[in-house]
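The values are calculated or read from the model by the stated rules, or taken from the named source; none is laboratory data. All values derive from a computational prediction rather than experimental measurement. So basically every Cβ, Gly included, is an ideal-geometry build from the backbone, and we count neighbours across all protein chains shown.
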Amino acid sequence: MTRREALAALARRYPDDYQRIYRSIKEGQTVGEVTVAEWAPTWLRLRERIVRPGTFCADTSAVSKWIVPTIGDRALAGLQRADVRAVHDAAEAAGLAESSVQRIHIVLLKMLADALDEGHDVPERTLRTRKPGGAGESHRQAIAVDDARTILAVAMERPDASRWVAALLQGMRPAEALGLRWSAVDLDRGVMRIEWQLKPLPYRVPRDRSSGFRVPRGFESIRLKDAFHLVRPKTSAGVRVVPLVPWLRTELAAWSAIAPASPHDLVWSVAGEPMYAGIDRAAWEAIVEQADVWVPARDGGRRRPLLYEARHTAASLLQASGADETTLTAIVGHSKITSTRAYLHADESRKLAALEKVGAQLGLAS
């Protein structure tokens, strides 16, 4: 092939980046050596050091299942927007939800942006490829007040009623509830410290318990049993002190008298041992089924409310009760549910007053 023919082939292959690649060749640079599949392991090693274990597992899944199988053979220097969209198409064709496709898109663009930052040649216009679908808003919703009351009435018949009051009234995340320890509950003062979440951490080698755990540098955790660890919330605002409204205080006191003894000091557990999130969800599903509560589904039908929607309900009720943004954030923690502004202090009396108003909405007697 002559030089002219080679340049013509290059122009046909990379029409949008022909001039840039041609300049690189003239300057003596090697183009197209590093492919997406070759960069992926290096990128994942870098990610493993800096992101939370759950994020790393999600990144690894996106790379191994969708990105590399679809465009792994493409050179970083020649990637086009059409290649990014090919990954979208592959995930959509497999039936993945819009939110999952958008998550894969975010991982791919971050992977490419880091490659550029590390000195690899990646077309900048490719990094500006729009994500698929709409705004990507969460389809979780708040449960109507009357339905929340019905759910709570069923839950109050259970010995672990405090778990569900904490969800619907205090807006605790499921992982926060399962990671709550008695040492963080002060029934005399009427407050609890939310400072840990219960999470199973991934082993370095899947299913190999001797391989250790995959955690980034500086990641704070306490191992309880097997893969179960107590880990800190994602942000410092997730660590907070929340007052116990009278109803929750009473239920926790009753639960403390009958709760299984836990060597890990866990408030809610399975025979004292860490509880799988699936067991917690199954208990919630049994409650809402007994309460016969439904919420609108995306397809126009209906479905049972999800456990995490109890948290949305708590936030919604706090807002409806007139709680200011600072107080709301201080109760439910720094989250997109409330605000993305910096955490601000809210005094205990304001938080307690706001929670008591929510309790009244839910029909809890003082």
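Below, the figures for the structure above:
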item	result
Count - residues of the range 265-288 that are closer than 21 Å to Val191 by Cβ and over 24 Å from the mean Cα position of the chain (by Cα)	1
Residue within the range 183-193 that is in a helix (DSSP H, G or I) and assigned by TED's automatic domain parsing to the domain that holds Thr250 present	yes
The range 227-262, subset of a type in the set (Val, Ile, Thr) and more than 22 Å from Tyr276 (Cβ to Cβ), residue surrounded by the most Cβ atoms within 10 Å (Cβ to Cβ)	Val245
Count of the range 168-191 residues which are at pLDDT below 95 and within 25 Å of the chain's Cα centre (by Cα)	6
All positions within the range 93-122 that are modelled with pLDDT of 95 or more and of a type in the set (Asp, Glu)	Asp114
Unmet requirement for Ser100, which otherwise passes all of (1) assigned by TED's automatic domain parsing to the domain that holds Thr60; (2) polar (S, T, N, Q); (3) assigned to a loop (DSSP other than H, G, I, E, B)	(3)
Count of residues meeting criterion [in contact with a helix residue (DSSP H, G or I) (Cβ under 7 Å, 6 or more places away or on another chain), part of a helix (DSSP H, G or I) and not aromatic (Phe, Trp, Tyr)] in the range 30-45	4
Qualifying residue in the range 295-303 (condition: free of Cβ contacts under 8 Å to residues at least 60 places away in the same chain and acidic (Asp, Glu))	yes
Single residue of the range 282-307 satisfying the filter (of a type outside the set (Val, Ile, Thr) and touching a helix residue (DSSP H, G or I) at 6+ places or on another chain (Cβ under 7 Å)) that is surrounded by the most Cβ atoms within 10 Å (Cβ to Cβ)	Pro305
Flag for Val241 being in a strand (DSSP E or B), among the aliphatic types (A, V, I, L, M) and touching a residue at least 40 places away in the same chain (Cβ under 8 Å)	yes
